[in-house]
Amino acid sequence: MTLAILLTQPTDEAPLTVTGGRRLTTHLLDQLRAAGAREVVSVTSLAHLAELARSAREPLLLVGDDVVAHTAVLRHVATVPGTASVALVLTDEPDAGPRATVIEDRGQVVAAGLEGITRLDGAASDPIGIFGAVLRVGTEDLPALAEAATAEAGREATPAGSGRPAPPLDRLLTRLTSRPTMIVAHRARLLVARRATSQPGADAAARTVAAVDSDRAELRLAVKERDDFFTTFAVSTWSPYVTRLAARIGLSPTGVTVLSIVFAAGAAALFAFGGNRLALVAGAVLLYLGFVLDCVDGQLARYTRNFSAWGGWLDTMADRAKEYLVYAGLAVGVERAGLGNGWALAIAAILLQTVRHMTDTWYGALHDEAARRPKPAASGGLGARLSQASTRVQADAGSVSYWLKRTVVFPIGERWALIALTAALFNPLVSLIAVLVWGGLAAAYTLALRTLRSASMRVPVLSTVDAVLHRDDGLLARPLGRFTARLPLPALPAAVLAAVGALGLLGAALLGSPARWTVLPVALVVLVAALPSGRPHTGALDWLVPAALRAAEYLFVVAVGVVGDVPPPLTFALLFALAMHHYDLTARLEKRAAAPPLHTLNLGWDGRVVVLAAGTAFGAAATVVGTLAGLLFLIFVLSAVIGWTSTGNRRGGTRGGDIDVIPALATAGRATQERSR
């Protein structure tokens, strides 16, 4: 797992003991070994800790000598997915003594202090938690830890509160949060963690720990604390039993993911029968069970603490692939039942959903960056008021407004439930139309509110990452961007213009039969979005650039399909391949992984537009579309084999039902630059 360090503080008082009269420090050392630490050491000198931090090449788990907790709490902090630093945050008052209090925002410890807290923007805030004296320091933050330990070693502990010296780990956390170091907040929730400075306090904490069944609590903790309505009430009520069974028979999270793919593929095949009611009902049942398994894989990973970069990536990719495979099955079902043009609806659904997911990813990144570096300008205006209202609704968990807010955005559980119900009760045509209607309304709602809120945040999230990589620029856009870097070319208007141009071509193609050569001038309009590639993407709304570029390219693909008489299944296949490629980019951002090994072979969005335009003008649209689809799928598979299997045994992936933008996304830019998410 990692190197665990018990940080002890010399004292003249009698050592604390726990059950059986064992010293608390001896008990903690045994717990750290049981939690899976590769090596456990006890340190009394901050200078020694600084040396360990400077020489370490793996995360360090630091634990104070006053912690009374379940062993699982220590293991959970050490194995939180991702490579960011993690701090245990308590809500219970500790035993008497000075302790660091913390401010938590969007799952991050954004400030900590011993005598009042000031955030990085200079604003004073009320604390909402107490540091639990358990801190995992990620490898990227080890230099900051070494500096903090060296600084604290050079002076005596600052007295606080009752007159006791502040514990060294609390002082270190205060220093770490005084700089832009991202620290994820972890809460014990159903498990128990306390801090004790007196024997009565230690005894009371030990009794509380003993009263809680750790395994039962861990199984419940495997279920996401906050999930969507359908998942919460129709899946999570019984999926933990499946999770426990999977753990007992030795099934891995990746194995469960593969089973969920099989179930979803079976559902898609049954939906393809179209008018056969028995097949549609059976497909709906398989789709539901596949979604249950999709939840179980994440629960199993959390329950067994079996995380890996490969497993997390596969889970993310499988979620999207399964959903789009179901769209294809529904399209075939519509055609076979003679209900209309099912492929047109499936193409619209995959386009809408992929662009929506791109906005979800980048808005999450924006929000996390805003939490880390709040701006005074975000304190007023309509956007700020909307943010405050959203925060109040999210805090009122379980209320009608809370569930409405979570449901109206049409999350994956609701999408799969809607598809299953409409297919079983009606037909595949109704399913696709329902997905498009609800998805379109959800897209309009979220885009409008997020645009207003982001305008008040004024956080340039794309400037924190490799923007060229996540724009998916190719061999044309990259040199153009360098050539025009000094010109005042805003990125978002250019990307929106490209999308409007592609949409115009599609509209003209649907209304008439334009000549094949008309794709060439429209391609030039689309390529205008390549000009600002080298410009800093620092606008308040520039987080929308990746989604706008995806919309421009996908609309151009559809337009080429109509103008060039490309078989609709072939157009769908190219969109499917493009979606997997772009989800791979966002998954790497979220999971803080390197760029795809064969990324340049994808040609970039600009290169693909040029190839499609040329192929259509020369009357070979179908050949070009099919070739591009096959090429992209091949590169996607090879990149997965080369790039992810090599990290398959390393911890750090995330698992979940939908694309979850976790707090670690806030520092993905720094990670992208240093590692190459």
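The set of residues from region 1-30 being surrounded by 14 or more Cβ atoms within 10 Å (Cβ to Cβ), hydroxyl-bearing (Ser, Thr, Tyr) and farther than 22 Å from Leu145 by Cα comprises Thr17, Thr25, Thr26.
Arg33 meets each of the listed conditions (1) open to solvent by less than 70 Å² (accessible area, probe 1.4 Å); (2) assigned to a helix (DSSP H, G or I); (3) not acidic (Asp, Glu) apart from (1). Give me the residue from region 450-468 that is closer than 9 Å to Ala540 by Cα and in contact with a Gly (Cβ under 6 Å, 6 or more places away or on another chain) and, out of that set, surrounded by the most Cβ atoms within 10 Å (Cβ to Cβ). Only one residue fits best here, namely Ser456. Within the bounds of region 395-403, is there any residue that is surrounded by 15 or more Cβ atoms within 10 Å (Cβ to Cβ) and of a type outside the set (Phe, Trp, Tyr)? Scanning region 395-403 turns up no residue that is surrounded by 15 or more Cβ atoms within 10 Å (Cβ to Cβ) and of a type outside the set (Phe, Trp, Tyr). For Phe273, the conditions (1) among the hydrophobic types (A, V, I, L, M, F, W, C); (2) modelled with pLDDT under 95; (3) closer than 23 Å to Gly311 by Cα are fulfilled apart from (3). When region 280-331 is filtered for residues that are aromatic (Phe, Trp, Tyr) and part of a helix (DSSP H, G or I), the ones remaining, listed by number, are Tyr288, Phe291, Tyr303, Trp310, Trp313, Tyr324, Tyr327. For region 510-533, state whether one or more residues are open to solvent by less than 20 Å² (accessible area, probe 1.4 Å) and among the charged types (D, E, K, R). No - not one qualifying residue is present in region 510-533. Within region 73-130, track down each residue that is at pLDDT below 70 and assigned to a strand (DSSP E or B). Passing the criteria: Ile117, Thr118, Ala124, Ser125.
Scoring Ala265 on the criteria (1) open to solvent by less than 10 Å² (accessible area, probe 1.4 Å); (2) assigned to a helix (DSSP H, G or I); (3) more than 30 Å from Leu221 (Cβ to Cβ) leaves a single failure, condition (1). Can you name the residue in region 232-260 that is over 23 Å from Asp215 (Cα atoms) and buried (at least 19 other Cβ atoms within 10 Å of the Cβ) and is also nearest to the chain's Cα centre (by Cα) among such residues? Only one residue fits best here, namely Thr257. When region 145-170 is limited to residues that are open to solvent by less than 20 Å² (accessible area, probe 1.4 Å) and in contact with a helix residue (DSSP H, G or I) (Cβ under 6 Å, 6 or more places away or on another chain), the one that is modelled with the lowest pLDDT turns out to be Glu152.
I'd like to check something: does region 474-484 contain any residue that is within 30 Å of Asn341 (Cα to Cα) and crowded, with 16+ Cβ neighbours inside 10 Å? Checking region 474-484: not a single residue is within 30 Å of Asn341 (Cα to Cα) and crowded, with 16+ Cβ neighbours inside 10 Å.
So that you can scan it fast, the table gives a plain yes or no per residue for (1) of a type in the set (D, E, K, R); (2) part of a helix (DSSP H, G or I):
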residue	(1), (2)
Ala185	no, no
Arg189	yes, no
Ala205	no, yes
Asp215	yes, yes
Glu225	yes, no
Ser236	no, no
Pro240	no, yes
Ala247	no, yes
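The values are calculated or read from the model by the stated rules, or taken from the named source; none is laboratory data. Computed from a prediction, not measured in an experiment: that's the story for all the values here. Virtual Cβ from ideal backbone geometry, glycine too; neighbours counted across all protein chains shown. With ligands, DNA and RNA removed, areas are computed over all heavy atoms of the protein, side chains included. Shrake-Rupley method; radii C 1.70, N 1.55, O 1.52, S 1.80 Å.
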